[in-house]
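Engineer: Sharing a structure here in structure tokens format.
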Amino acid sequence: MPINFTGQSKLHVAVIMDGNGRWATERGLPRIAGHQAGSESLRRVVRAAPELGVSTLTAYAFSCDNWKRPAEEVDAIMALLAWYLADEIPRLLEDRVRLSVIGRRDRLPEALVAVIHQAESATSGCDKLHLRLAIDYSGRESILTATGQCAGRDVTMERFEQILAATNRGGAQPVDLLVRTGGEQRLSDFLLWECAYAELVFTRRMWPEFTGQDLTKAIHDFRRRERRFGDVPAALANRPDTHSRERWLH
Ligand code: IPE
Ligand code: IPE
Ligand code: MG
């Protein structure tokens, strides 16, 4: 069934790319093979996203809590991320995808930080899709950092959202749809503020098996839902969208 783009077509979709380790273990492979396969899923999803009306895709690659994992796995993930970004630059340019990385940088390996800068500056003029990769990211920490910048000031909700967007680099708008693969039904500290009114889709499919088709299905599901933002359905039909992305800084 073709997707009906009437109504909102510039979606912010967030994905919690979970299940890499289990996917690999089930196949008798080392967990890092799952992360490697997961990087190919991300490539597929980035390719599929613009035609589905997605203008921003924020993908959770590594959380602040993921540092708890064995050093061997963490090192391999860091190396894989650096390799992925370096390898991806020509494809991002070809597909007009702007890349931003959100999260802390002070604990990342220098080589990864260097390639992040390289990918961000190479793709800064791209306008078809904004891909935000969350690396060493924590929603709680982002909110705490933004709050620190408000100290002693009486800030409005709008101003706070602007400060939070700047804290995260690469801006932010409210998340419209959050998809989590791997079967768990939790946020794991991802985009806590931005997901205030996000529609949630949880799938049992492991991230390495997630395809553009699965994203299409999730967006179909999203488009069938009625978002009320606390209002009554009838009022929504006659009112401009008060949750529009104009309120958010890019
Ligand atoms: C998500 O997959 C990727 C990262 C957190 C880096 P996992 O590695 O959490 O995979 P599972 O949940 O153990 O299967
Ligand atoms: C969330 O997955 C982080 C990423 C996908 C990068 P986790 O596997 O770390 O989350 P928990 O531990 O199951 O909550
Ligand atoms: Mg996991």
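Just so it is clear, none of the values below were taken in a lab; they were calculated from the coordinates. This is a predicted model, so every value here is computed, not measured. When we count neighbours, we look across all protein chains shown, and the Cβ atoms used for this are built from the backbone with ideal geometry, even at glycine.
Engineer: Which length gain, in nm to one decimal place, applies between ARG186 and ARG224 when the Cα-Cα distance is subtracted from 0.36 nm times their residue separation? Please report the intermediate quantities before stating the final value.
Structural biologist: Numbers: separation 38, 0.36 × 38 = 13.68 nm, distance 2.21 nm.
That works out to 11.5 nm of additional length.
Engineer: Net charge within 9 Å of SER63 by Cβ-Cβ distance, Lys/Arg positive one each and Asp/Glu negative one each, not counting SER63 itself?
Structural biologist: In short, -3.
Engineer: Would you calculate the volume per residue, in Å³, of the smallest convex hull containing every Cα atom of region 60-157?
Structural biologist: Output value, Cα hull per residue: 121 Å³.
Engineer: Using the Kyte-Doolittle scale, which helices in the chain average at least 0.5 and also have C-alpha atoms spread 20 Å or more along the helix axis, with helices defined as whole DSSP H runs?
Structural biologist: Answer set is 71-94.
Engineer: Then there's this: When a/c reaches 1.5 or more, the comparison of a/b and b/c decides; with that in mind, is region 47-96 rounded, prolate or oblate per its Cα gyration tensor? Present the calculation step by step, with values, prior to reporting the outcome.
Structural biologist: Values: a/c = 4.36, a/b = 1.79, b/c = 2.44.
Oblate.
Engineer: Would you mind putting 68-77, 22-31, 138-147, 125-134 in packing order, based on average other-beta-carbon counts within 10 Å, highest first?
Structural biologist: Ranked from most to least packed, the peptides come out as 125-134, 138-147, 22-31, 68-77.
Engineer: Given the C-alpha centroids of region 151-184 and region 80-121, what is the distance between them in whole angstrom?
Structural biologist: Cα centres, region 151-184 to region 80-121: 21 Å.
Engineer: Can I ask one more? Working out 0.36 nm times the residue gap between MET157 and ALA196, then minus their Cα-Cα distance, what length gain in nm do you get to one decimal?
Structural biologist: Full extension of this stretch gives 12.8 nm more.
Engineer: Turning to a different aspect of this structure: Determine the sum of side-chain charges near ARG96: Lys and Arg each +1, Asp and Glu each -1, restricted to other residues whose C-beta is under 9 angstrom from that of ARG96.
Structural biologist: Taking every Cβ under 9 Å from that of ARG96, the sum is -1.
Engineer: In units of 2.2 N^0.38 Å, what is the alpha-carbon radius of gyration of region 11-249?
Structural biologist: Details: Rg = 17.8 Å, N = 239, 2.2 N^0.38 = 17.6 Å.
Ratio of Cα Rg to 2.2 N^0.38 Å: 1.01.
Engineer: Relative contact order, percent, of the chain when contacts are C-alpha pairs under 8 Å separated by at least 6 residues?
Structural biologist: Here the relative contact order equals 26 percent.
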